[in-house]
Amino acid sequence: MATDSPDLGVDLSRTLPLVVEAIERWQESYGGVESVPVSVVDAEAWRETLDQFLARLTDEQYPFFHPRYAGQMLKPPHPVAVVGYLAAMLINPNNHALDGGPSTAAMEKECVERLAAMFGMNQHLGHLTSSGTIANLEALWVGREENPGSVVAVSRDAHYTHARMGNVLGVEVVDVDVDDAGRMAVGDLAQVLETHNVGTVVVTLGTTGLGAIDPLDDIIPVARAAGARVHVDGAYGGFFALVADDSNDGVASRHFSAIARADSVVVDPHKHGLQPYGCGAVLFTDPGVGTHYAHESPYTYFSSDELHLGEISLECSRAGAAAAAFWLTTEVFPLTSDGLGHVLRPGLRATRRMHSLLQASSDVRSLQEPELDIVGYLTRARTASGIDRDSVQIFDELALRPPEEQWHLATYNIRVDDLARRGIDLKPDQAHARILRSVLMKPEHDAVVDDLVKVLEEASRRTVNS
Ligand SMILES: *Cc1c(COP(=O)(O)O)cnc(C)c1O
């Protein structure tokens, strides 16, 4: 049955009051607390402010929850995660130290064990972070400490924050070229390794732009031979390890099974782990790197001799609620093929179906065969500027319709010579062109792909730049 938002079995309007009551009962067990007037709000003014706030919140907002939002890597958290986050937030534990939240710190350690098992790591040191950027920063920082005076090598399609974080760390970041599908070119990497003192090679398993998988299994021996560490950026793609089974609705296993042999890996539960923002994670295969974190803190670690998470992380305060949400989610959707893996497969099916429909279309063409759940596509205009204008025109036209007919896409700025390498020859009247891009990351996308392709074909026939 179609509902306004998909029925996921957890009715928030019924569950949230239960959560609030449970926390209030716990609070009451400590005896009543007298309120202080300074923080008491006026009930009437509050109603008004709340109404204004709620109107403002949804006024200019894209409908991430809806399958016709088929643009960026954005979707609401699963209601299970909302319940976990909200319940813990009412207590507000800080996972920096066990003093800040013993139960959510324990949950975080269990979550990290679950992530390590997902990647097949038999030992690890790791923790959650506020984001993938911070998690990657941490891995690059450890790389710098392990190999002082060296540079970092990343593919030119890697996430832009690697260059930025290299700058923060005072480490030079060298670009490695990509092949004709946006994957790190191993031949070019070998050259960079020869000409530079590379301390860390960043291998992206699932580029943010196109979902390309760098050939980790081939890169590890090449990097190791040159004495470089291997860091896997799986911020977006890491959870596809759960379906790396070479099946029709899974992904190729080879490079995912190599993760356990890398030095570190980052994955973002706030991307494919059903979580709200800020939940990233970093894991190291050698627990010995923990020595780099040594610091003195005169006011934290006193409640226990056990390891405090702040002793092995770059950040200080961090939401215990993020760990609670991810822990509860992985109780309901374990990090297995049948658990969270099951949730990822429909998006892969949708992406493959969209690619094959586009291959048969005379109006819209697919950029390349997708490896994960991101599709790039463009019209049949014959100039770079025509492709660019068509993309913007279609993007705007579909987004400006009335809500029930809206579709939301994303654009992707690509080098025209990268299009040529994919056999898409345009009159190169400009060096870059925007194409269209959809991240089909919600299971609900599977049911709307045929409609999306029809809508795109109609819209492309209305463009004037072909
Ligand atoms: C999203 C992403 C990042 C950055 O992570 P944030 O959580 O947005 O800070 C880094 N690398 C890749 C591959 C990503 O997809």
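The values are calculated or read from the model by the stated rules, or taken from the named source; none is laboratory data. Because the structure is predicted, anything quoted here is derived from the model rather than measured. Note that each Cβ is placed from the backbone with ideal geometry, even for glycine, and that neighbours are counted across all protein chains shown. We work out accessible area using only protein heavy atoms, side chains counted, and drop any ligands, DNA or RNA first. Shrake-Rupley method; radii C 1.70, N 1.55, O 1.52, S 1.80 Å.
Are any of the residues in the stretch 153-161 hydroxyl-bearing (S, T, Y), open to solvent by less than 20 Å² (accessible area, probe 1.4 Å) and either within 16 Å of the ligand (Cβ to nearest atom) or free of Cβ contacts under 8 Å to residues at least 60 places away in the same chain (or both)? Yes - at least one qualifying residue is present in the stretch 153-161. Looking only at residues in the stretch 38-60 that are open to solvent by less than 100 Å² (accessible area, probe 1.4 Å) and among the charged types (D, E, K, R), which one is farthest from P402 (Cα to Cα)? Only one residue fits best here, namely D42. Checking each residue in the stretch 299-328 for being surrounded by 20 or more Cβ atoms within 10 Å (Cβ to Cβ) and in a loop (DSSP other than H, G, I, E, B) picks out H308, S313, R318. Somewhere in the stretch 102-114, is a residue of a type in the set (D, E), open to solvent by less than 50 Å² (accessible area, probe 1.4 Å) and outside the structural domain of N413 (by TED's automatic domain parsing)? Looking for residues that are of a type in the set (D, E), open to solvent by less than 50 Å² (accessible area, probe 1.4 Å) and outside the structural domain of N413 (by TED's automatic domain parsing), one finds at least one in the stretch 102-114, hence yes.
Among residues of the stretch 432-446 that are without any contact (Cβ under 8 Å) to a residue 60 or more places away in the chain, those with a beta-carbon under 7 Å from a residue that is of a type in the set (F, W, Y) and surrounded by fewer than 24 Cβ atoms within 10 Å (Cβ to Cβ) at least six positions away or on a different chain give the pairs R434/Y412. Selection of the stretch 202-248 for residues being out of contact with any strand residue (DSSP E or B) (no Cβ under 7 Å at 6 or more places or on another chain), within 18 Å of V154 (Cβ to Cβ) and without any contact (Cβ under 8 Å) to a residue 40 or more places away in the chain yields D218, V222, R224. Of the candidates G126, G182, the single residue that is assigned to a loop (DSSP other than H, G, I, E, B), in the same structural domain as A321 (by TED's automatic domain parsing), in contact with a Leu (Cβ under 7 Å, 6 or more places away or on another chain) and buried (at least 23 other Cβ atoms within 10 Å of the Cβ) is G182.
Consider G310 carefully, then state whether it is assigned by TED's automatic domain parsing to the domain that holds P269 and among the small types (G, A, S).
Considered against the rule, which asks whether it is assigned by TED's automatic domain parsing to the domain that holds P269 and among the small types (G, A, S), G310 comes out as yes.
When you scan the stretch 213-235, do you find a residue that is over 30 Å from L86 (Cα atoms), open to solvent by 10 Å² or more (accessible area, probe 1.4 Å), within 13 Å of the ligand (Cβ to nearest atom) and in the same structural domain as E138 (by TED's automatic domain parsing), even just one? The answer is yes, given that some residue of the stretch 213-235 is over 30 Å from L86 (Cα atoms), open to solvent by 10 Å² or more (accessible area, probe 1.4 Å), within 13 Å of the ligand (Cβ to nearest atom) and in the same structural domain as E138 (by TED's automatic domain parsing). Is at least one residue of the stretch 239-246 within 12 Å of the ligand (Cβ to nearest atom), closer than 30 Å to R349 by Cα and small (G, A, S)? No, every residue in the stretch 239-246 fails to be within 12 Å of the ligand (Cβ to nearest atom), closer than 30 Å to R349 by Cα and small (G, A, S).
Quick grid of which residues meet (1) farther than 21 Å from V375 by Cβ; (2) under 23 Å from the mean Cα position of the chain (by Cα):
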residue	(1), (2)
L189	yes, no
E194	yes, no
T207	no, yes
L210	no, yes
I219	yes, yes
A223	yes, no
H231	yes, yes
F240	no, yes
V243	no, yes
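The set of residues in the stretch 441-466 that are outside any helix (DSSP H, G or I) and touching a Lys or Arg at 6+ places or on another chain (Cβ under 9 Å) comprises M441, K442, V448, T463, V464, N465, S466.
Residue check: is V80 open to solvent by 50 Å² or more (accessible area, probe 1.4 Å) and outside any strand (DSSP E or B)? Spelling it out, it is not the case that V80 is open to solvent by 50 Å² or more (accessible area, probe 1.4 Å) and outside any strand (DSSP E or B). Scanning the stretch 32-75 for residues that are charged (D, E, K, R), modelled with pLDDT under 95 and either assigned to a helix (DSSP H, G or I) or in contact with an Asp or Glu (Cβ under 6 Å, 6 or more places away or on another chain) (or both) yields a single hit, D59.
One residue alone among A260, A241, A190, A223 is part of a helix (DSSP H, G or I), in contact with a Leu (Cβ under 9 Å, 6 or more places away or on another chain) and farther than 30 Å from R353 by Cα, and that residue is A223.
Among the residues of the stretch 329-348, those that are assigned to a helix (DSSP H, G or I) and over 19 Å from the mean Cα position of the chain (by Cα) comprise E331, V332. It is to be established whether one or more residues within the stretch 70-89 are away from the ligand (no atom under 16 Å from the Cβ) and touching a His at 6+ places or on another chain (Cβ under 9 Å). The answer is yes; a qualifying residue exists. Of all the listed residues (H355, H292, H270), the sole one being touching a Pro at 6+ places or on another chain (Cβ under 8 Å), assigned to a helix (DSSP H, G or I), open to solvent by 10 Å² or more (accessible area, probe 1.4 Å) and under 26 Å from V142 (Cβ atoms) is H270. The residues in the stretch 129-170 that are among the charged types (D, E, K, R) and assigned to a loop (DSSP other than H, G, I, E, B) can be counted, and the count is 2.
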